[in-house]
Amino acid sequence: MALLGACFFVGVVAYFTYRLLSGYLYTWYQMKAIPEIGTSFPIIGHALMLRANSGDFFNQVIDFTTEFRKLPLVKLWVGPVPSLLLFHAETVETVLNNPVHMDKAYLYDFLHPWLGTGLLTSTGQKWRQRRKMLTPTFHFSILNDFLEVMNEQAEVLVQKLQEEVRKGHINCFNHITLCALDIICETAMGKKIYAQSDCESEYVQSVYKMSDIISRRQRMPWLWPDFAYSMFGESREHSKRLRILHNFTSNVIYERAENMSHVESDSESDQGPRRRKAFLDMLLKSTDEDGNGLSHQDIREEVDTFMFRGHDTTAAAMNWAVHLLGSHPEVQRKVQQELRDVFGESDRPVNTDDLKKLKYLECVIKESLRLFPSVPFFARTICEDCVIKGFKVPRGANAVIIPYALHRDQRYFPEPEEFRPDRFLPENSAGRPPYAYIPFSAGLRNCIGQRFAMMEEKVVLAYIFRNFNIEACQRREDLRPMAELILRPEKGILIKLERRKTSM
């Protein structure tokens, strides 16, 4: 029996090894004609040449796109997985506009322990059903209810920055990030965590730590297998942070569900002022086409997803915008003039009519996202054999879209490294291909929260520049962007603050 069992085990191993190698060799042969970056090795591909430091890795990838700019696509093997680097509007559209290629790439699997298969990571029918169910929760009328929270937290941010005015230069990155975290916590979960006052909270630290852990694992193919990660990776720290994050979210869901009767009141009652609605409240009441509600796990997946994607991305975008405005005083003056035209000398909160009038500020935000897209690259799985620009691409390959390089295409953005918000005035945007600028992705899987993000960025930046003049203390080349799960500067955003002489 022992011999029979051993033979069976060897046979199973041999079978799966054969399947793996034959699939690898087939893919390698099919993609042989596609230009390749440097020399790859069997199975491990280019893994040994990829730099471990996230800043070095990002610069390396961008150097690849610069070197191969004239080619329609280029191939990179990350371990045994082939990846096509796409950074031209034509090739990007081929993938993102095709409903067949909607599955996220393998690297997103490392987000599953944290985010499950929520809207960001799910595929197929589950994604379609969930997207249809969640889209109404981002209607303008519902987003407007969140404006009060954004105003309140932006005011807290201004108070924090006022304490820094006399300290010379400061790093504003954490200040703005904590403000964004407070906003998303209250709007997504209906829970105040006071991150701007308690940046050392266990939950806040775990959000940041988990992002770092996942991004490091994604760059190291030898740690992709769970058994290797448990032996040589950060699995213990990963488990600790995961427990903190899930416990926090689960407790909030339970408390919110228990008090649902109070949440549903849309007007003031005899018991006091109405309770603010949160994204979580809508999830608790959401039903599918068959009238079935979401399970506790389903709700946690979506809340965790919006907690993750809803604060880091907007925080990064606002920080890059602050740096760029601080580096271009003439643009900053135009923004402040628009703010003065809209708000006069008042210090009143931002309302929905104001948001519509802040058109130049919107151009600034869009140009900031062009130069520094919050998500510097993202990936899809090619779900059926196809042809991209004359090259055969087999099913199972990854398509890695690189907005940072895409947004620097001189055909659509002349002198691409220059900061020119006027590029996004209506008359200057006419005729530009829709897939030449995709800071919120594009196609069917575009970012469901982009209206929320734009609203938040306008509110927070309006508060900052109504109250302060800002001078950047870094040159562009000093910023050293790092490609983690979002694009962040290695040493933060250093600025000098000056209180506006005009009272706002």
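Which of Thr39, Thr314 comes first, and how do the rest follow, when ranked by fewest Cβ neighbours within 10 Å?
On the way: Thr39 7, Thr314 27.
Starting with the residue having the fewest Cβ neighbours, the order is Thr39, Thr314.
Residues in the range 276-301 near a label at Glu255, defined as backbone nitrogen under 19 Å from the 7 Å Cα→Cβ point? What the label zone holds, given the 19 Å backbone N cut-off, is 276-285, 296-297, 299-301.
May I ask you to derive the relative contact order of the chain, considering only C-alpha pairs under 8 Å and at least 6 residues apart, and to give it as an integer percent?
Working: 703 pairs, mean separation 120.7, N = 504.
Relative contact order, the chain: 24 percent.
Of all lysines in the structure, the ones whose alpha carbon falls short of 20 Å from that of Lys70, not counting any fewer than 8 places away in one chain, are Lys32, Lys389, Lys392.
Once C-alpha pairs closer than 8 Å and six or more residues apart are averaged by separation and normalised to the residue number of the range 345-477, the relative contact order reads 26 percent. Provide Rg over Rh for the range 349-443; use the alpha carbon set for both Rg and the Kirkwood Rh (inverse mean inverse pair distance). Across the range 349-443, the Cα-based Rg/Rh ratio is 1.08. When the alpha carbon coordinates of the chain are projected onto the principal axes, the ranges are 82, 56, 43 Å, largest first. This ranking places Glu498, Glu484 by how few other beta-carbon atoms lie within 10 Å of each, fewest first, which gives Glu498, Glu484.
Structure shown: which of Lys209/Lys366; Lys126/Lys192; Lys104/Lys126; Lys192/Lys496 lie over 22 Å apart, alpha-carbon to alpha-carbon? Table pairs above 22 Å Cα-Cα are Lys209/Lys366; Lys126/Lys192; Lys192/Lys496.
Since only Pro82, Asn98, Gly118 are under comparison, the one whose Cα sits farthest along the positive direction of the charge dipole of the chain, derived from C-beta charges on Lys, Arg, Asp and Glu, is Pro82.
A helix-only calculation puts the chain at -15000 deg cm²/dmol for mean residue ellipticity at 222 nm, using -39500 (n - 2.57) for each DSSP H run of at least four residues, averaged over all residues.
As a rough footprinting exposure proxy, the listed residues Leu119, Leu425 were ranked by other beta carbons within 10 Å of their own, and the order from fewest upward is Leu425, Leu119. For the range 439-504, the relative contact order works out to 31 percent when only alpha carbon pairs closer than 8 Å and six or more residues apart are counted.
With the convex hull built on the Cα atoms of the range 300-412, state its orientation-averaged projected area in nm². Walk me through the numbers before you get to the answer.
Details: hull surface 44.3 nm².
Projected area, direction-averaged: 11.1 nm².
Report the Stokes-Einstein translational diffusion coefficient (µm² s⁻¹, integer) for the range 409-504, Rh taken as the Kirkwood radius over Cα pairs, at 25 °C with viscosity 0.890 mPa s. Write out the running numbers ahead of the final one.
Values: Rh = 16.7 Å.
D = 147 µm²/s.
The numbers here are math on the coordinates, done by the rules we state, and not lab data. Every value quoted in this text rests on a predicted model; they were computed, and no experiment measured them. As a convention, Cβ positions derive from the backbone with ideal geometry for all residues, glycine included, and neighbour counts pool all protein chains shown.
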